[in-house]
1. Please enumerate the residues belonging to region 17-52 that are assigned to a helix (DSSP H, G or I) and closer than 18 Å to Ile194 by Cβ.
2. Run Asp102 past the list (1) modelled with pLDDT of 95 or more; (2) acidic (Asp, Glu); (3) over 19 Å from Asp145 (Cβ atoms) and report the number of the one that doesn't hold.
3. Determine which member of the set Tyr41, Tyr52 is more than 19 Å from Ile164 (Cα to Cα) and aromatic (Phe, Trp, Tyr).
4. Answer yes or no as to whether Gly155 is within 14 Å of the ligand (Cβ to nearest atom), crowded, with 21+ Cβ neighbours inside 10 Å and not polar (S, T, N, Q).
5. Being loosely packed, with under 13 Cβ neighbours inside 10 Å, more than 6 Å from the ligand (Cβ to nearest atom) and either within 20 Å of Tyr71 (Cα to Cα) or hydroxyl-bearing (Ser, Thr, Tyr) (or both) is the filter here; which residues of region 160-175 pass it?
6. Give me a count of the residues in region 177-192 that are surrounded by 15 or more Cβ atoms within 10 Å (Cβ to Cβ), farther than 21 Å from Asp118 by Cα and not charged (D, E, K, R).
7. Out of Leu213, Leu234, I need the residue that is away from the ligand (no atom under 16 Å from the Cβ) and touching a Ser or Thr at 6+ places or on another chain (Cβ under 9 Å). Which one?
8. Is region 209-216 home to any residue that is among the small types (Gly, Ala, Ser) and modelled with pLDDT under 95?
Amino acid sequence: MNFHIMTLFPEMVLQGLNTSIIGRAMEKGLINIEAVNIRDYAYNKHNKVDDYIYGGGAGMLMQAEPVYLCYEAIKEKIAYAKGDKSADVSGDCATDEKKSEDSTDNRDSAGTEHKCKDRLRVVYLTPQGEVFTQKKAEELAKEEDIILLCGHYEGIDERVLEEIVTDNISIGDYVLTGGELPAMIVVDSVSRLIPGVLNNDVSAEFESFQDGLLEYPQYSRPEIWHDKKVPEVLLSGHHANVDKWRHEQAVQRTRERRPDLYERYVSDSKNRT
Ligand code: ADE
C-alpha cells in the first residue's frame, strides 16, 4: 500500500509517522509513505502557493495550479511504478463513466458516487467531508495507492478539488489548522489493517468498532492492584465463558458510552435475524 501525501509541511507528516508500528511497517516494506511538497510545484519565482480570496474574506487560499501540478506528478509516478502508462489512474474517466452508468459499485461507504470505479483515490482532508469511520478505513485499505491532500490557510481553490478529489474526509466536527494531522490519522488507521502490520493478526479483527461495538475492558498482571481484583471469569481458563463475558461487557460499554453506536448495533442485530 502506497500513501502519497500532498502537503506544505512534508517533515511534519514524515516525523509523525516514522516511529513505532507504522515506522516498522515502512521498514518492512509493507507500506510506503511519501510526502510531496506542494510548494515544489509553485509556478512563480517566490514559490508562493496562496493568494487572496475572490469576493473578500479573511486569510489566503491555496491556488489551484500548484496543487494540480503536484497531483499530476504523483499520478505519473504511480503509473510508471505500475509499468503501465495507460493504466487508468487519470482523473479523466469519461469512458468508464459510460460503462458504469447503471452500476452502483462505484459508491464509497457514505454512498457518494465516484466519477469512475477504478479511479485513483484522492482524499481531501476537510472539516466539510464525511466523518471518518472504521468502515471507511476498511474501504481505503483495499486500494494500492492513495493520495491524501492536505489543505492549509483557508483551504484550496474549489476548481482543482472538483477535478481531482474522489473522497472528502473529516476526522470530526472541529476545525484544525491544516489537513496534516487528519492525514496522519487516516494513514495510521488504514495501515494497521494491512496484513502483517500488526504483530498479532487477529487483534485488528476483534477490536473496537470491528463489529460495531466498543472494546471490552482488559487487564494484565498483577491480579490485584489498588485493591481491585481482575474479574474472576478471566482467571478461569474457560474460553466460552470468557468470550461471553467480554461480549456482554462490550455491549454494556457501548450502551453507556456511545448510545448512537448501540442503537445501530441493535438494529443491525435485528436485521440479521
Ligand atoms: N482540516 C481542518 N480541520 C479538519 C478536520 N476536522 N478534518 C479533516 N481535515 C481538517
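1. So the first thing to find is which residues in region 17-52 are assigned to a helix (DSSP H, G or I), and the list is 17, 20-27, 38-41.
Listed by number, the residues that qualify are Leu17, Ser20, Ile21, Ile22, Gly23, Arg24, Ala25, Met26, Glu27.
2. Unmet condition: (1).
3. Working: Tyr41 fails: more than 19 Å from Ile164 (Cα to Cα).
One residue alone meets the criteria, Tyr52.
4. Values: within 14 Å of the ligand (Cβ to nearest atom): yes; crowded, with 21+ Cβ neighbours inside 10 Å: no; not polar (S, T, N, Q): yes.
Spelling it out, it is not the case that Gly155 is within 14 Å of the ligand (Cβ to nearest atom), crowded, with 21+ Cβ neighbours inside 10 Å and not polar (S, T, N, Q).
5. Start the filter on region 160-175 by keeping residues that are loosely packed, with under 13 Cβ neighbours inside 10 Å, which leaves 162, 172-175.
Remaining after also requiring more than 6 Å from the ligand (Cβ to nearest atom): 162, 173.
Glu162, the sole residue that qualifies.
6. Going residue by residue through region 177-192, those that are surrounded by 15 or more Cβ atoms within 10 Å (Cβ to Cβ) are 178-192.
If we keep only those that are farther than 21 Å from Asp118 by Cα as well, we get 178-185, 188-189, 192.
Still in the list and also not charged (D, E, K, R): 178-179, 181-185, 189.
Adding up the residues that qualify gives 8.
7. Values: Leu234 fails: touching a Ser or Thr at 6+ places or on another chain (Cβ under 9 Å).
Step by step, each of Leu213, Leu234 is checked, and only Leu213 is away from the ligand (no atom under 16 Å from the Cβ) and touching a Ser or Thr at 6+ places or on another chain (Cβ under 9 Å).
8. If we filter region 209-216 for residues that are among the small types (Gly, Ala, Ser), which is where we start, we get 212.
Filter once more, keeping what is modelled with pLDDT under 95: 212.
Yes, there is a match, as at least one residue in region 209-216 is among the small types (Gly, Ala, Ser) and modelled with pLDDT under 95.
The values are calculated or read from the model by the stated rules, or taken from the named source; none is laboratory data. Note that the structure is a prediction, hence the values are computed from the model and not measured. Reconstructed Cβ throughout: ideal geometry from the backbone, glycine too, with neighbour counts over all protein chains shown.
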